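Before any comments, here is the structure.
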2 protein chains.
Amino acid sequence: MKLTILGCYAATPRTLTNPTSQVLEINSHVFLIDCGEGTQVELRRKKIKFSRIRHIFISHLHGDHVFGLIGLVSTFKMLGREAPLNIYGPKGIKEFITLQLKLSNSWTDYPLHFHELTSKNSEMVFEDEKISVRTIPLQHRVYCNGYLFEEKPGERKLILSKVMNYNIDVAYYRSIKKGKDVLLDDGTLIKNETITAPPKPTKSYAFCSDTRYDEAKISLLQNVTVLYHEATFLESHKHLAATTGHSTAIEAGMIAKKSNVDTLILGHFSTRYKDISLFKEEAETVFDAVMVADDGKVFDF
Amino acid sequence: MKLTILGCYAATPRTLTNPTSQVLEINSHVFLIDCGEGTQVELRRKKIKFSRIRHIFISHLHGDHVFGLIGLVSTFKMLGREAPLNIYGPKGIKEFITLQLKLSNSWTDYPLHFHELTSKNSEMVFEDEKISVRTIPLQHRVYCNGYLFEEKPGERKLILSKVMNYNIDVAYYRSIKKGKDVLLDDGTLIKNETITAPPKPTKSYAFCSDTRYDEAKISLLQNVTVLYHEATFLESHKHLAATTGHSTAIEAGMIAKKSNVDTLILGHFSTRYKDISLFKEEAETVFDAVMVADDGKVFDF
């Protein structure tokens, strides 16, 4: 699981800071999450192949999370894309993009599928054999969702020495890996857990931006491997967090702690702060495993 | 008259090239012309004060000329702008911007005036005491206008020695500067041109992008000081220019020659070419005074 931060600063793109966008590579998928202005250039800078992006998840329709989407969609067309593109985001995102395509007279040649969200409850938006993605309803000034990316458990691993010891026929291996017990010809029942080891632990990633402090999402976030949580403000501007629907570093730390996550990554920093290491310092007063995002930074888990 | 090229490359923004946008500073105005994705960052990079931009001229609604506009409009709001902003562009540009503002729930607090264009003839879109701006109808795949920025002639200059020689009363100076003759008390008529010098020569700037080769605009462009003309392709890709509604460097040179302009600046280069000096070489085969634009380049005239 590899997370590439293309941008992690709030409000407007600036000379040295990009608005929100990130790429999650997990189980051969390349998921793009949010798409602020300039995202396509940052993707090029990080040498991420445009053709590998099949799914884009948009949290909400504030400009610093979505103004780069129309450019990316158009560039895909110019590059001769044929593969379908799936865009997940709040209701309105289809009109947002298609009106611009219409007015600029540049319909895409490739299939563009919009998955518009309206629910205030968590829902599954993507699923295949190995991965599921569900929304995390967030509390912001406008309708907003985070996204939870979860690996599905793989098959159990055969302990070959034991399997051979029982002289189990190869034909049973497939069902044993799926967790089935085995009934031998002599009537002996071999319990699955005595001949297999558990599958490789699964990993999960939760993206939560933008959001005010809100404990409702804690049940969804239980035990996730990595939580990216917005921390727009330091404690000194706690009052601004409350009025603008954002979180402080300490509030992000509290959510991480109550959700028992492995690692917290902080992002969406207000550009008023010169030293983002202060976010880490403040969050660490309530939670241990804190990292700070920064534009261009890559995290491997 | 100062021209700052923020971006002058065709199609998509890339790591090292920006789509079309430029700033023309003329007679205390700061005019923004076109606004591809990333323009607001380039404005910051060139330290151009956002508050000085009161008028934005958009040629057409292709993404590489307009996808940065919504971000700039939104950033103006976040910076607390109060001054009105005038946006000139093809019909549809109002819906293009206002729908995005509506869906992102971020109406501007400052007055936003759209001047939507539909005419196929040149028309005056802005005028004050010192400057006029009119459209230059262009032939492209979609409805498209260039813009012609012209200084108005200033007052004629008194030749003080001569004026005093005739003993002309100071009360007449104002009308003399405006070109009036003077009738002396003894009945002598003093012709204006004998006591004044012509005003400072006026300057003009014509922006023509995107356009196929089209001689219809030559009458409008006669004797302009500086012509920026698109040259997307070199001669080797002349067939592409024809099919995509663009021009070659030589075609731009021909327009400059037939319009008798002082200086031609080439821009809107396809990113397929590594060496943009080839555009200058080719255009120079038909016109002498050729310069090439490049991102970040500043021209003083």
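The values are calculated or read from the model by the stated rules, or taken from the named source; none is laboratory data. All figures in this text were calculated on a predicted structure; none of them were measured in a lab. Virtual Cβ from ideal backbone geometry, glycine too; neighbours counted across all protein chains shown. Each accessible area value is taken on the protein alone, full model and side chains, heavy atoms only, with ligands, DNA and RNA left out. Shrake-Rupley method; radii C 1.70, N 1.55, O 1.52, S 1.80 Å.
Summary of values
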| item | result |
| --- | --- |
| Candidate set from the stretch B:43-69 (those that are more than 16 Å from the chain's Cα centre (by Cα) and aromatic (Phe, Trp, Tyr)); member that is surrounded by the most Cβ atoms within 10 Å (Cβ to Cβ) | B:67 |
| The one condition in (1) modelled with pLDDT of 95 or more; (2) of a type in the set (S, T, N, Q); (3) surrounded by 23 or more Cβ atoms within 10 Å (Cβ to Cβ) that residue B:12 fails to fulfil | (1) |
| The stretch B:26-40 - residue that is buried (at least 24 other Cβ atoms within 10 Å of the Cβ) and β-branched (Val, Ile, Thr) and, of those, nearest to residue B:71 (Cα to Cα) | B:39 |
| Matching option when the condition is in contact with a Lys or Arg (Cβ under 8 Å, 6 or more places away or on another chain) and on the phi > 0 side of the Ramachandran plot, among A:187, A:245 | A:245 |
| Count - residues of the stretch B:73-93 that are more than 10 Å from chain A (Cβ to nearest Cβ), more than 22 Å from residue B:3 (Cα to Cα) and outside any loop (DSSP other than H, G, I, E, B) | 0 |
| Residues (under 25 Å from residue A:203 (Cα atoms) and open to solvent by less than 20 Å² (accessible area, probe 1.4 Å)) located in the stretch A:257-278 | A:259, A:261, A:264, A:265, A:266, A:267, A:268 |
| Scope the stretch B:257-275; condition under 23 Å from residue B:297 (Cα atoms) and part of a loop (DSSP other than H, G, I, E, B); matching residues | B:261, B:262, B:268, B:270, B:271, B:272, B:273, B:274, B:275 |
| Residue within the stretch A:237-256 that is surrounded by 15 or more Cβ atoms within 10 Å (Cβ to Cβ), of a type in the set (A, V, I, L, M, F, W, C) and not in a helix (DSSP H, G or I) present | no |
| Hey, residue A:113 touching a Phe, Trp or Tyr at 6+ places or on another chain (Cβ under 6 Å), more than 10 Å from chain B (Cβ to nearest Cβ), part of a strand (DSSP E or B) and open to solvent by 10 Å² or more (accessible area, probe 1.4 Å) or not | no |
| Those residues of the stretch A:203-219 which are in contact with a helix residue (DSSP H, G or I) (Cβ under 9 Å, 6 or more places away or on another chain), open to solvent by 50 Å² or more (accessible area, probe 1.4 Å) and under 18 Å from residue A:143 (Cα atoms), in sequence order | A:212, A:213, A:215 |
| Failed criterion for residue B:234 (all others in (1) open to solvent by less than 60 Å² (accessible area, probe 1.4 Å); (2) more than 29 Å from residue B:4 (Cβ to Cβ); (3) of a type outside the set (S, T, N, Q); (4) touching an Asp or Glu at 6+ places or on another chain (Cβ under 7 Å) hold) | (2) |
| The listed residue being in the same structural domain as residue A:267 (by the TED database), in a strand (DSSP E or B) and either in contact with a Cys (Cβ under 9 Å, 6 or more places away or on another chain) or hydrophobic (A, V, I, L, M, F, W, C) (or both), out of A:70, A:56, A:97 | A:56 |
| Qualifying residue in the stretch B:179-202 (condition: in contact with a strand residue (DSSP E or B) (Cβ under 8 Å, 6 or more places away or on another chain) and surrounded by 20 or more Cβ atoms within 10 Å (Cβ to Cβ)) | yes |
| Which numbered condition residue B:150 misses (of (1) assigned to a strand (DSSP E or B); (2) more than 30 Å from residue B:22 (Cβ to Cβ)) | (2) |
| Meets criteria (within 14 Å of chain A (Cβ to nearest Cβ) and modelled with pLDDT of 95 or more) for residue B:62 | yes |
| Test: residue A:106 is buried (at least 17 other Cβ atoms within 10 Å of the Cβ), in contact (Cβ under 8 Å) with a residue 12 or more places away in the chain, at the interface with chain B (Cβ under 10 Å from one of its Cβ atoms) and in a loop (DSSP other than H, G, I, E, B) | yes |
| Test: residue in the stretch A:34-45 that is assigned to a strand (DSSP E or B) and under 16 Å from residue A:146 (Cα atoms) | no |
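Yes or no, residue by residue, for (1) closer than 19 Å to residue B:57 by Cβ; (2) more than 14 Å from chain A (Cβ to nearest Cβ); (3) among the β-branched types (Val, Ile, Thr); (4) free of Cβ contacts under 8 Å to residues at least 60 places away in the same chain:
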position: B:101; (1), (2), (3), (4): no, no, no, yes
position: B:124; (1), (2), (3), (4): yes, yes, no, yes
position: B:136; (1), (2), (3), (4): yes, yes, yes, no
position: B:149; (1), (2), (3), (4): yes, yes, no, no
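Per-residue answers, yes or no, for (1) in a loop (DSSP other than H, G, I, E, B); (2) among the small types (Gly, Ala, Ser):
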site	(1), (2)
A:187	yes, yes
A:193	no, no
A:200	yes, no
A:217	no, no
A:224	yes, no
A:229	no, no
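The rows are residues; the columns are (1) at the interface with chain A (Cβ under 10 Å from one of its Cβ atoms); (2) under 22 Å from residue A:41 (Cα atoms); (3) in contact (Cβ under 8 Å) with a residue 24 or more places away in the chain.
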position: B:26; (1), (2), (3): no, no, yes
position: B:34; (1), (2), (3): no, yes, yes
position: B:45; (1), (2), (3): yes, yes, yes
position: B:51; (1), (2), (3): no, no, yes
position: B:58; (1), (2), (3): no, no, yes
position: B:67; (1), (2), (3): yes, yes, yes
